[in-house]
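Before any comments, here is the structure.
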Amino acid sequence: MTLAEHPIETPPRAPSPVHRFGTLAVHAGSPHDAVTGAVIEPISLSTTFAQTSVGKPVGDYEYSRSSNPNRDNFERAIAALEHARYALAFSSGSATTANILQSLAAGSHVISVSDVYGGTHRYFTKVALSHDVKVTFTPSIEVDISTLIRPETKLIWIETPSNPTLSLVDIRRVATIAHEHGILVVVDNTFLSPYIQNPLDHGADIVVHSVTKYINGHSDVVMGCAAFNSPDLFDRLSFLQNAIGAVPSAFDCWLAHRGLKTLHLRAREATKNATSVAHALQSSPHVVAVNYPGLPSHPQHAVTLKQHRDAMGGGMLSFRIRGGHDAAQRFCQATKIFTLAESLGGVESLVEVPSAMTHGGIPKEQREAAGVFDDLVRVSCGIEDEADLKADVLQALEKAVVGPKIGKAVNGEA
Ligand SMILES: Cc1ncc(COP(=O)(O)O)c(C=O)c1O
């Protein structure tokens, strides 16, 4: 008697209204293997699938760009965690953005928050224009959305919290006005992850992620996804997913799905660490200002209370250091646990200087209008120990701000 003759019954996928986040993260889209009973799905590397007669595949699959078991399972898990009917995975967060923008007809107009991720800004200003899609940026979308809407406006793009200034947008407020005009609202939820915020619950039509960040969480996969409820959007975006072909590999889907299963644990730790670091920075005389949605002093803290799970601030923060750009650079080189590197949302803590790194491509006036000054440092708190991260930040501040002054005084005396 082989297992194949007696396939093991797979438990039903955890349905979202019944189960909580941790249960869904572990079980949604994770059937046991029907043939072997393997608890963890195998990686399905085959690019093509046998057919019994022309156009009659043995199972559900024909060709891996169109669909693949590992991608399907990952997409099911994302849909469950974002309270969506559908999810689609792409080869990067940027490819997700590109597919959504590509779905708009030539001549369409988009309204976007000003301080979006640098690569999103680059796509909006340098690529979208080439297929005649124009983007207007605004630093205060909740206030001026009505005045910016034109007859050809089709999409509103929100990043909340934004990268790298951590400013927030009340999604419901914007979506209510957008929907009166038949405009779709997209929210980039990369900075918080579906554990802390579910934009579709607040009226957004599409939620997007750079899976590269919190969802995968281990800095070893580049991938993106979009989740939504509309069957019409599913038809349009799944067509483009296949037609453009910017799809993730089976292996990357498998890895990202594995990472996703611990998202709730990582997001809680990262939030605890970021809260502690944010308080330490706020009390330091070497810091001009701290941007962290979890601090009651954050100008839009009311949105944190309304939109985020348990008022969590997430693992990301940024701050302006005394001593300008040079001090910002010195700080990032002086940390011992935080690594100087782009990206965010992994188990390991990272620091960077957005004006010279992730957001270096945005002209200075535009950058500064969005709050991205040369002295801004962006911090991604990982899941190391809270006390170690706090001590690392404090010692790096001393070296970056006080150290050079002492050096100067000593040189002066000599
Ligand atoms: C908020 C945000 N959205 C989208 C992206 C793009 O994602 P990817 O690097 O996976 O293309 C990034 C990348 O840093 C990001 O920070």
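The values are calculated or read from the model by the stated rules, or taken from the named source; none is laboratory data. All values reported here derive from a predicted model rather than from experimental measurement. Every residue, glycine among them, receives a Cβ derived from its backbone with ideal geometry; neighbour counts consider all protein chains shown. Side chains are part of the model used for accessible areas, which takes the heavy atoms of the whole protein and leaves out ligands, DNA and RNA. Shrake-Rupley method; radii C 1.70, N 1.55, O 1.52, S 1.80 Å.
What net charge is computed for the residues neighbouring Met316, neighbours being all others with C-beta under 10 Å from the C-beta of Met316, Lys and Arg scored +1, Asp and Glu -1? Within the 10 Å Cβ shell, the charges total +2.
Evaluated at 4 °C with a viscosity of 1.567 mPa s, what Stokes-Einstein diffusion coefficient in µm²/s does segment 139-276 have when Rh comes from the Kirkwood expression over alpha-carbon pairs? Numbers along the way, then the final one.
Details: Rh = 16.3 Å.
Estimated via Stokes-Einstein, D reaches 79 µm²/s.
Distance between the pseudo-spin-label points of Ala311 and Ala106 (7 Å out from Cα toward the beta carbon): 5.2 nm.
Within segment 149-250, the GluC sites (Glu not before Pro) that combine a DSSP coil assignment with at most 16 other C-beta atoms in a 10 angstrom radius are Glu152.
Based on Cα atoms of the chain, Rg over Rh with Rh as the Kirkwood radius reads 1.01. Backbone geometry of segment 164-174 corresponds, through the Karplus equation with coefficients 6.51, -1.76 and 1.60 at θ = phi - 60°, to 3J(HN,Hα) couplings of x, 8, 6, 7, 10, 10, 6, 4, 4, 4, 6 Hz, x marking Gly and Pro.
The chain: longest stretch without exposed trypsin sites (Lys or Arg not before Pro) (DSSP loop, at most 12 other Cβ within 10 Å), sites themselves excluded? Of all site-free stretches, the longest is 21-335.
Using a 1.4 angstrom probe on heavy atoms only, work out the carbon and sulfur share of the accessible area of the chain in %. Don't skip to the end; give the middle numbers.
Working: 9900 of 17740 Å².
Ligands and nucleic acids excluded, carbon and sulfur reach 56 percent.
Amide H contacts for Asp188 (H built 1.01 Å from N in the peptide plane; partners 5 or more residues away or on another chain; cut-off under 5 Å): Ile158, Glu159, Thr160, Val208. Whole-Hz Karplus values for segment 150-160 come out as 10, x, 8, 5, 10, 8, 10, 10, 10, 10, 9 Hz, taken residue by residue from phi with 6.51 cos²θ - 1.76 cosθ + 1.60 and θ = phi - 60°; glycine and proline positions read x.
Annotation: amide H-H contacts under 5 Å for Ala28 (H modelled 1.01 Å from N, sequence separation of 5 or more, or interchain): Ala14.
At a Förster radius of 51 Å, what calculated FRET efficiency corresponds to the Cβ-Cβ distance of Phe251 and Lys405, to the nearest 0.05?
Efficiency, rounded to the nearest 0.05: 0.50.
Mean residue ellipticity at 222 nm, helices only, the chain: -10500 deg cm²/dmol; runs of at least 4 DSSP H residues each add -39,500 (n - 2.57), and the sum is divided by the number of residues. Normalised radius of gyration (Cα atoms, divided by 2.2 N^0.38 Å) for segment 21-260: 1.03.
Find the accessible area per residue for the chain; the probe is 1.4 Å, ligands and nucleic acids are left out, and the unit is Å². Mind dumping the intermediate values first?
Values: 17740 Å² over 414 residues.
Counting only protein heavy atoms, the per-residue value for the chain is 43 Å².
Per-residue 3J(HN,Hα) values for segment 24-40, derived from phi via the Karplus relation 6.51 cos²θ - 1.76 cosθ + 1.60 with θ = phi - 60°, read 5, 4, 7, 10, 5, x, 10, x, 5, 5, 5, 8, 9, x, 3, 6, 9 Hz in sequence order (x marks Gly and Pro). Counting only residues at least eight positions apart within a chain, or on another chain, the lysines with an alpha carbon under 17 Å from that of Lys399 are Lys336, Lys390, Lys408.
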